[in-house]
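The values are calculated or read from the model by the stated rules, or taken from the named source; none is laboratory data. Worth saying up front: this structure is predicted, and the values here are computed from it rather than measured. FYI the Cβ positions are ideal-geometry reconstructions off the backbone, even for glycines, and counts take in every protein chain you see. Accessible surface is based on the protein model in full, side chains and every heavy atom, while ligands, DNA and RNA are left aside. Shrake-Rupley method; radii C 1.70, N 1.55, O 1.52, S 1.80 Å.
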Amino acid sequence: MTLPRQKIVILGGGPGGYEAALVAAQLGADVTVVDSDGVGGACVLTDCVPSKTLIETSNAMTLLNRAAGLGIATGGLATVNAARLYERITDLARAQSGDIAARLAAEDVKVITAKGSLAGPGLVRAGDEQLKADAILIATGALPRILPGAEPDGERILTWRQLYDLTELPRDLIVIGSGVTGAEFSSAYQALGSRVTLVSSRDRVLPNEDEDAANHIEEVFRRRGMTVLGRSRARSVRRDRDSVAVALDDGRTVTGSHCLLTVGMIPRTEHIGCDEVGVKLDARGFIEVDRVSRTSVAGVYAAGDCTGVLMLASVAAMQGRIAMWHALGEAVSPLRLDHVAATIFTDPEIATVGVTQRAVNEGEVRARVLRLLLATNPRAKMAGFTEGFVKLLASRRTGEVLGGVVVAPRASELILAVSVAVEQRLTVEQLAHTFAVYPSLSGSITEAARKLMDFTPDPP
Ligand SMILES: Cc1cc2nc3c(=O)[nH]c(=O)nc-3n(C[C@H](O)[C@H](O)[C@H](O)COP(=O)(O)OP(=O)(O)OC[C@H]3O[C@@H](n4cnc5c(N)ncnc54)[C@H](O)[C@@H]3O)c2cc1C
């Protein structure tokens, strides 16, 4: 006798949802994804993929504008064709969503395009349909937070999801919010040719990131002509025909052609039946989950931005997969956040993994920290840039690599070596004995490890 296939229903087709669907299908479950706005989710259609595509073009602009220094005559300043750029971005995002839809179809995952909600124990409402489920995964994502008094109009006052509908490049862009999203768009638009003013309510940009990296990027921003207004909280944004005026708390007003709001995200957990079924939310509306993605209700799991655990596509996908492994009775390791590698795609990029210098400074971890500037790296000199550094953190007791920061072009690729070291608990000695290509930026990682070998370990 064959057992009936387990029925899985997933609300939301972003990385939290579709990666879970693929795992569940692989394990033989009968899987349905209910998604309202297109598979791939906000990640593919409006957030991660479009922004990184925009940044590829801004990186190319930076290279072109450095060309003269590399001995290339370009015959003038390169300029951006905004309509073509935005068309490329939206085409690419749609194609990526299409690829995911095709993968789901190939794995026999059913996709229903509708708004869904929990309708009772083991029941999901999808438009007019009721679906029975042995396990449910909620992966409905999050929405841009809106400042009261600064409501977007989609033309001059914008969230990042509305940028790609513009027909021209903002001439004078005011970015409100200096977290990861604000820093990435400020960096990109400045390279594309906009005049950028970054309004930050904090002392420095990227207040939650490695302090050396954040200070470094702020210095780069200023040196390239960006206006960075620190400790300046935006109170309201007003549109006057072709311009915007941002009123700050201290009474000043900043004017520009467009204003981009990057002041955080709110979870999409309203009207999805959490109250009716008893799924617990925290004070900010995020779904409470444990490290195997279980909510407060048996058989209901949650993954991704709607949980607020760590708003990264890679984390959403891992939470979704873990939920399915758990629901379908597979062996599963709980989610570990201390080894997550992340990148801020400014120019240069900031990539991080593992223990932070803040944890060391605050006495939570005993580690030696070494920072090596890229200015002396031969490959960096050849490529014509001098900005950036590699930082390694190693245990004072065992010499194990505990974490690292890379600030460099394509740091997102370079961080893998440090990630492997952290994950596999390699010592600085083992990293130092690993061959790096000469000349290469990764040579600075092994050099930093060599410098860290030269210490006497603390007694156990
Ligand atoms: C500008 C920006 C850049 C980013 N860049 C990166 C990056 O470079 N790397 C990285 O790792 N992360 C990045 N992120 C974060 C990443 O985009 C998110 O962490 C990721 O999208 C979370 O995936 P998710 O599945 O939880 O939600 P989403 O991707 O938001 O998908 C949720 C899906 O659920 C659907 N949905 C919502 N409610 C319902 C409902 N009631 N019924 C049916 N469907 C519903 C939505 O339509 C959507 O399709 C970025 C975020 C932003 C804002």
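When the residues of segment 38-72 are narrowed to those that are without any contact (Cβ under 8 Å) to a residue 40 or more places away in the chain and part of a loop (DSSP other than H, G, I, E, B), which ends up nearest to Arg103 (Cα to Cα)?
Ile72
Working only within segment 1-37, note down all residues that are assigned to a helix (DSSP H, G or I) and open to solvent by less than 10 Å² (accessible area, probe 1.4 Å).
Let us first name the residues in segment 1-37 that are assigned to a helix (DSSP H, G or I), namely 15-26.
Gly16, Gly17, Ala20, Ala21, Ala24 - these are the residues of segment 1-37 that are assigned to a helix (DSSP H, G or I) and open to solvent by less than 10 Å² (accessible area, probe 1.4 Å).
Go through (1) in contact with a Ser or Thr (Cβ under 9 Å, 6 or more places away or on another chain); (2) open to solvent by 40 Å² or more (accessible area, probe 1.4 Å) and name the single condition Gly40 misses.
(2)
With a cut-off of at least 2 residues that are among the polar types (S, T, N, Q), name the strands (runs of 3 or more DSSP E) lying wholly within segment 218-294.
In segment 218-294, 253-256 are the strands (runs of 3 or more DSSP E) which contain 2 or more residues that are among the polar types (S, T, N, Q).
Please find, among Gly120, Gly12, the residue that is at pLDDT 95 or above and under 28 Å from Ile272 (Cβ atoms). Show your work before the answer.
Numbers: Gly120 fails: at pLDDT 95 or above.
Sole residue among the options that is at pLDDT 95 or above and under 28 Å from Ile272 (Cβ atoms): Gly12.
State all residues of segment 220-246 that are open to solvent by 20 Å² or more (accessible area, probe 1.4 Å) and among the aliphatic types (A, V, I, L, M); if no residue qualifies, say none. Let's see the steps before the verdict.
Just the residues of segment 220-246 that are open to solvent by 20 Å² or more (accessible area, probe 1.4 Å), to begin with: 222-225, 227, 229-231, 233, 235-236, 238-243.
Hit for segment 220-246 is Leu229, nothing else.
Within segment 282-300, restricting attention to residues that are open to solvent by less than 60 Å² (accessible area, probe 1.4 Å) and of a type in the set (Gly, Ala, Ser), which residue is farthest from the ligand (Cβ to nearest atom)?
Here the residue is Gly299.
Consider Leu328 against the criteria (1) surrounded by 22 or more Cβ atoms within 10 Å (Cβ to Cβ); (2) touching a Leu at 6+ places or on another chain (Cβ under 6 Å): it satisfies all of them except one. Which criterion is unmet?
(1) is the only condition that Leu328 fails.
Count, please, the residues in segment 90-100 that happen to be away from the ligand (no atom under 12 Å from the Cβ) and in contact (Cβ under 8 Å) with a residue 60 or more places away in the chain.
Residues flagged as away from the ligand (no atom under 12 Å from the Cβ) and in contact (Cβ under 8 Å) with a residue 60 or more places away in the chain within segment 90-100 amount to 1.
Applying the selection to segment 53-80, what residues are surrounded by fewer than 12 Cβ atoms within 10 Å (Cβ to Cβ) and either under 16 Å from Ala188 (Cβ atoms) or basic (Lys, Arg) (or both)?
Within segment 53-80, Thr79 is the sole residue that qualifies.
Only residues in segment 103-114 that are open to solvent by less than 60 Å² (accessible area, probe 1.4 Å) count as the first member; pair them with residues that are modelled with pLDDT under 95, Cβ under 6 angstrom, at least 6 apart or cross-chain, and list the lot.
Ala114/Gly127
Among the residues of segment 148-169, which ones are open to solvent by less than 50 Å² (accessible area, probe 1.4 Å) and more than 16 Å from the ligand (Cβ to nearest atom)?
Of everything in segment 148-169, those that are open to solvent by less than 50 Å² (accessible area, probe 1.4 Å) and more than 16 Å from the ligand (Cβ to nearest atom) turn out to be Gly149, Ala150, Gly154, Arg156, Ile157, Leu169.
With respect to Arg252, is the statement that it is in contact (Cβ under 8 Å) with a residue 12 or more places away in the chain, more than 16 Å from the ligand (Cβ to nearest atom) and basic (Lys, Arg) true? Talk me through it step by step, then tell me what you get.
On the way: in contact (Cβ under 8 Å) with a residue 12 or more places away in the chain: yes; more than 16 Å from the ligand (Cβ to nearest atom): yes; basic (Lys, Arg): yes.
Yes, satisfied.
Could you list, ordered by first residue, the pairs with Cβ atoms under 7 Å in which the first is in segment 169-197 and under 22 Å from Ala245 (Cβ atoms) and touching a residue at least 12 places away in the same chain (Cβ under 8 Å) and the second is within 15 Å of the ligand (Cβ to nearest atom) and open to solvent by 20 Å² or more (accessible area, probe 1.4 Å), at least 6 apart or interchain?
Qualifying pairs under 7 Å: Ile176/Val263; Gly177/Val263.
For (1) within 21 Å of the chain's Cα centre (by Cα); (2) among the small types (Gly, Ala, Ser), each residue gets a yes or a no:
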| position | (1), (2) |
| --- | --- |
| Thr74 | no, no |
| Leu77 | no, no |
| Asn81 | no, no |
| Ile89 | yes, no |
| Ala95 | yes, yes |
| Gly98 | no, yes |
| Ala102 | no, yes |
| Ala105 | no, yes |
| Val109 | no, no |
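Residue by residue, here is whether (1) among the basic types (Lys, Arg); (2) within 17 Å of Ala135 (Cβ to Cβ) holds:
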{"position": "Arg238", "(1), (2)": "yes, no"}
{"position": "Gly264", "(1), (2)": "no, no"}
{"position": "Glu270", "(1), (2)": "no, no"}
{"position": "Ile287", "(1), (2)": "no, yes"}
{"position": "Ser293", "(1), (2)": "no, yes"}
{"position": "Ser296", "(1), (2)": "no, yes"}
{"position": "Ala302", "(1), (2)": "no, yes"}
{"position": "Ile322", "(1), (2)": "no, yes"}
{"position": "Pro334", "(1), (2)": "no, no"}
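Condition test on Leu392, is it under 26 Å from the mean Cα position of the chain (by Cα) and either open to solvent by 60 Å² or more (accessible area, probe 1.4 Å) or not β-branched (Val, Ile, Thr) (or both)? Spell out the reasoning first.
Numbers: under 26 Å from the mean Cα position of the chain (by Cα): yes; either open to solvent by 60 Å² or more (accessible area, probe 1.4 Å) or not β-branched (Val, Ile, Thr) (or both): yes.
Judged against the criteria, Leu392 is a match.
Please count how many residues of segment 195-219 are open to solvent by less than 10 Å² (accessible area, probe 1.4 Å) and modelled with pLDDT of 95 or more. Show your work before the answer.
Our first condition is that a residue be open to solvent by less than 10 Å² (accessible area, probe 1.4 Å); within segment 195-219, this holds for 196, 198-200, 205-206, 213-214, 217.
Checking the rest, the ones that are also modelled with pLDDT of 95 or more come to 196, 198-199, 205-206, 213-214, 217.
Counting residues in segment 195-219 that are open to solvent by less than 10 Å² (accessible area, probe 1.4 Å) and modelled with pLDDT of 95 or more gives 8.
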